[in-house]
Ligand SMILES: Nc1ncnc2c1ncn2[C@@H]1O[C@H](COP(=O)(O)OP(=O)(O)OP(=O)(O)O)[C@@H](O)[C@H]1O
Ligand SMILES: Nc1ncnc2c1ncn2[C@@H]1O[C@H](COP(=O)(O)OP(=O)(O)O)[C@@H](O)[C@H]1O
Ligand code: SF4
Ligand code: SF4
Ligand SMILES: [Mg+2]
Ligand SMILES: [Mg+2]
């Protein structure tokens, strides 16, 4: 195992609902690791905290209270640093029964210190592509100019001409047809798939050490999705770029990832090598992961059955996290031996096989 | 043999877009969103409709429900021609046919509680007393498997799956026998999609409903439908029993749709599919660069055969032909 | 330093607070102030009706012209004819309120009708017609239009407000139409039609009552402010409410002649009244909108 490039420890990112006077615990104790050159697939239902985890890493949250605790270790130029270092000076937490019940945060102070640090990292060392490419590009600037500007800002290609050449080069690499023509297009002149390609070109053109791709194919047509996935796979093989790939589509994750993290209700319930997590066998897996795998309409799951194995119950509402295991209400593998614990006490993320961790009492003794 | 509940004959729906800002009568661009579609649906049957975004699936559904006025063609529902009904007759018709909208929030007025929403829907077509309405609401909740406590909630307080269930309950409440389900699962989470698919299947068994099931998810369509119709640029290019379409697709486009399933790509891809997939992707637009077959600009078979004239001849646009046991294809060189 | 506190450990399934509890304090303050202003207006009619005013607003006292505030019997002093400022200030609002309501009614009623007609069945012809009407109205400076009307008839506040109301129709109509188009885009109206609801239920209940009431509230409160401002500007041209009937506009105008001589009260008092009243109506609309629309899903 290579040394991790990004290591997130005990990250908590909360929001506050004024109408319910309660915290929305969007990211609640997330632990993740991405090795250099690897692709980590993050799967989970919507609202499970995938995007908020990514935005926390980028330091891009504006609503309060936002990130409140945790450590984000990031290795850049062989220097190990913690992106959240010293920021806890600005936060005071009041806990009750291990639950955060009140937060006092000097948001301006936090923002200033975080911004000071992140402005050197964002775009240059970590860049991100978003679900909706059209909304995340500047509509008033041509696609090419936007890429060239990013190149000028973050790489050694400082001259106008060099940056432009570089941008064209990237447009070509992401297989946009006639890059010279598209260079002068505005984002609205491009189709969804093409816009996503341009977005990928922009993110990669700064040669970041880490790429975060948040649902890069969601909302695109099936035929176009498969093209984007092809492109990502090719870029991965050619450039060996480290990627955090967020998606709720398991087939995409299984195609591209080396390791997988499964999120549920704001926390990571299972992480490990893609092979063992996405394998069909149930035995050494978190019950949520197995249920998720059998509920997708794939050839195997459909064959001969005529119906889908659904997970009963609802997606966990992160405003109301139960005391015990987050999956308890929907879990069909609770045994009498562990029922008590499942209901009362949240399992921690423990290694159940080499490199494979899960949050489930079934595997602890 | 069960009886035919819906028959669509050569249905066309063209939209017109004004080109200039001030050209009132002048130049118009016509978008043939639905361009000559025929099919029928039997009682207690589900027909799946697949195709890329923008190919006209939703428009077919809306036109059948007469939310749009068809440009030409005929729609026969339950033995009566509904192509030219007036507003009043249409309102009565809504008690028999309904639509589940793609957007989860479409059917839910954000200012009304769930109870009011259902109450309103139940009393549109039936005059019922308060007690009868309550009974019917309880019945509906049970059918769609929704907790009673949700009745006092506002829509924004529900999860996606619950919103979809309310939407289905609202549609069932009028007692419709035929439903157009427009991408009923696409806005939902993976784990919830399965619940909704199963719910619709159960309801079909219980209530004997007929569905026109629109989706771009081939897997879901294969699972729920008896028959599948594949659409491209406003026309059905292939139609047949769902097992056949899934396993023995004959139209090059259907092949591409199937092979673009990422799930399939990660495994061994059959040789034929691979050669098809290698085809190049032009732009998808109603303004066709070529006459004849509308798939020609993107068709790998057309390319492999060196651009045969028959494919691009205006006089020989391929029409649906039966190749075997109810399996129809519109292509001169079916695979 | 911001603090966030969760009140209880266990949250009920969906314990949505009633809307006034989850409203922003600032919005409640806005509405509170707005209601206070409205109360004052009503109070003015009440005092007038029951003869409880400190003086007669028309009562001329040539002995006591331009008396400064706090002069015996005159809390806010007197004007150039020795009439009691306070009384005239209280009565002054009456010059606007009913005419203002007329303007609002015209704008909202016809604006809504036109908005619905152009948005709901979306007959292209209708829409074009309304656009032409809106352009026509917008292309005339409103003041010029009012002067024309005054010249043709007579300088009456009701004529003025009639014009104000009519010229506000396009703005209301376009807001309503915009909302309808938005709802259409979300298939909301279509779902109602598909269900078989009668058109009148869809328009009156689902569109107007449930989805447009905040637009109407805002337009109404803005309209009242506008009515006051319009009359004030016209008073400067001598076309506002005519002496001796008091209005804040003609009071400011009359008082301004003395302002430079250091006798500030006859113009300052009505100016402040205008300022705080308009502010009151604006804040009322804004606060109500925020509370009713609930920034809850923010
Ligand atoms: N009112 C309209 N005016 C003009 N064009 C329209 C209108 N409604 C639909 N269209 C066009 O008709 C075509 C078919 O639209 P439709 O909504 O039926 O597609 P769809 O197959 O349901 O796509 P999706 O999978 O995205 O829902 C599209 O190109 C669309 O832009
Ligand atoms: N600005 C915000 N204010 C309040 N809640 C938020 C905000 N942004 C996200 N959330 C909540 O955080 C949770 C996690 O969101 P997200 O990370 O976007 O989920 P996903 O896994 O689908 O990417 C959701 O319940 C969402 O409603
Ligand atoms: S801890 Fe218990 S409830 Fe949670 S997933 Fe494991 S078995 Fe299920
Ligand atoms: S008719 Fe010709 S162009 Fe059309 S799909 Fe068949 S082979 Fe391709
Ligand atoms: Mg997300
Ligand atoms: Mg559609």
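The values are calculated or read from the model by the stated rules, or taken from the named source; none is laboratory data. Keep in mind the model is a prediction, meaning the values are calculated, not measured. Positions of Cβ are backbone-derived with ideal geometry, glycine not excepted, and every protein chain shown enters the neighbour counts.
Just a few scattered comments:
- Taken together, the criteria exclude residue A:123 from residues that are in contact with a helix residue (DSSP H, G or I) (Cβ under 8 Å, 6 or more places away or on another chain), at positive phi and at pLDDT 90 or above.
- For region A:35-121, the strands (runs of 3 or more DSSP E) that sit wholly inside it and include 3 or more residues that are surrounded by fewer than 15 Cβ atoms within 10 Å (Cβ to Cβ) and touching a strand residue (DSSP E or B) at 6+ places or on another chain (Cβ under 9 Å) are A:91-96.
- Flag for residue A:288 being in contact (Cβ under 8 Å) with a residue 24 or more places away in the chain, within 16 Å of ligand 5 (Cβ to nearest atom) and either within 19 Å of the chain's Cα centre (by Cα) or crowded, with 23+ Cβ neighbours inside 10 Å (or both): no
- Matching residues in region A:274-292 - criterion: being assigned to a helix (DSSP H, G or I) and either more than 15 Å from ligand 3 (Cβ to nearest atom) or closer than 19 Å to residue A:330 by Cα (or both): A:274, A:275, A:276, A:278, A:287, A:288, A:289, A:290, A:291, A:292
- Once region B:84-117 is narrowed to residues that are under 18 Å from the mean Cα position of the chain (by Cα) and more than 7 Å from chain C (Cβ to nearest Cβ), the residue that is farthest from ligand 3 (Cβ to nearest atom) is B:96.
- Scanning region A:343-354 for residues that are closer than 23 Å to residue B:194 by Cβ and either at pLDDT 90 or above or part of a loop (DSSP other than H, G, I, E, B) (or both) turns up nothing.
- Those helices (runs of 4 or more DSSP H) lying entirely in region C:138-213 with at least 2 residues within 22 Å of residue B:101 (Cβ to Cβ) and in contact (Cβ under 8 Å) with a residue 60 or more places away in the chain: C:157-185
- Residue A:52 passes every criterion in (1) over 24 Å from residue A:251 (Cα atoms); (2) under 15 Å from the mean Cα position of the chain (by Cα); (3) more than 16 Å from ligand 3 (Cβ to nearest atom) apart from (1).
- Only listed residue being more than 16 Å from ligand 2 (Cβ to nearest atom), at pLDDT 85 or above, farther than 23 Å from residue B:73 by Cβ and within 26 Å of the chain's Cα centre (by Cα), chosen from B:248, B:264, B:305, B:235: B:248
- Evaluation of residue A:249 against (1) within 14 Å of chain B (Cβ to nearest Cβ); (2) surrounded by 23 or more Cβ atoms within 10 Å (Cβ to Cβ) (one fails), failing number: (2)
- Some residue of region A:41-48 being away from ligand 2 (no atom under 12 Å from the Cβ) and in contact with a helix residue (DSSP H, G or I) (Cβ under 7 Å, 6 or more places away or on another chain): yes
- Residue in region A:309-323 that is facing chain B (nearest Cβ under 9 Å), under 17 Å from the mean Cα position of the chain (by Cα) and outside any helix (DSSP H, G or I) present: no
- Hey, residue C:278 within 14 Å of chain A (Cβ to nearest Cβ) and under 30 Å from residue C:211 (Cβ atoms) or not: no
- Filter result for the condition that a residue is under 22 Å from residue A:124 (Cα atoms) and either modelled with pLDDT of 85 or more or away from ligand 6 (no atom under 16 Å from the Cβ) (or both), over A:259, A:267, A:242, A:217: A:242
- Only one of A:296, A:302, A:338 that is surrounded by fewer than 20 Cβ atoms within 10 Å (Cβ to Cβ), away from ligand 5 (no atom under 16 Å from the Cβ) and closer than 22 Å to residue A:271 by Cα: A:338
- Residue B:120 within 11 Å of chain C (Cβ to nearest Cβ) and surrounded by 19 or more Cβ atoms within 10 Å (Cβ to Cβ): yes
- Hey, residue B:68 within 14 Å of another protein chain (Cβ to nearest Cβ) and surrounded by fewer than 19 Cβ atoms within 10 Å (Cβ to Cβ) or not: yes
- Residues within region B:160-184 that are surrounded by fewer than 23 Cβ atoms within 10 Å (Cβ to Cβ), within 14 Å of chain A (Cβ to nearest Cβ) and not in a helix (DSSP H, G or I), tallied: 1
- Note on region B:185-234: residues that are in contact with a helix residue (DSSP H, G or I) (Cβ under 8 Å, 6 or more places away or on another chain), part of a helix (DSSP H, G or I), farther than 27 Å from residue B:38 by Cα and within 11 Å of chain A (Cβ to nearest Cβ) amount to 8.
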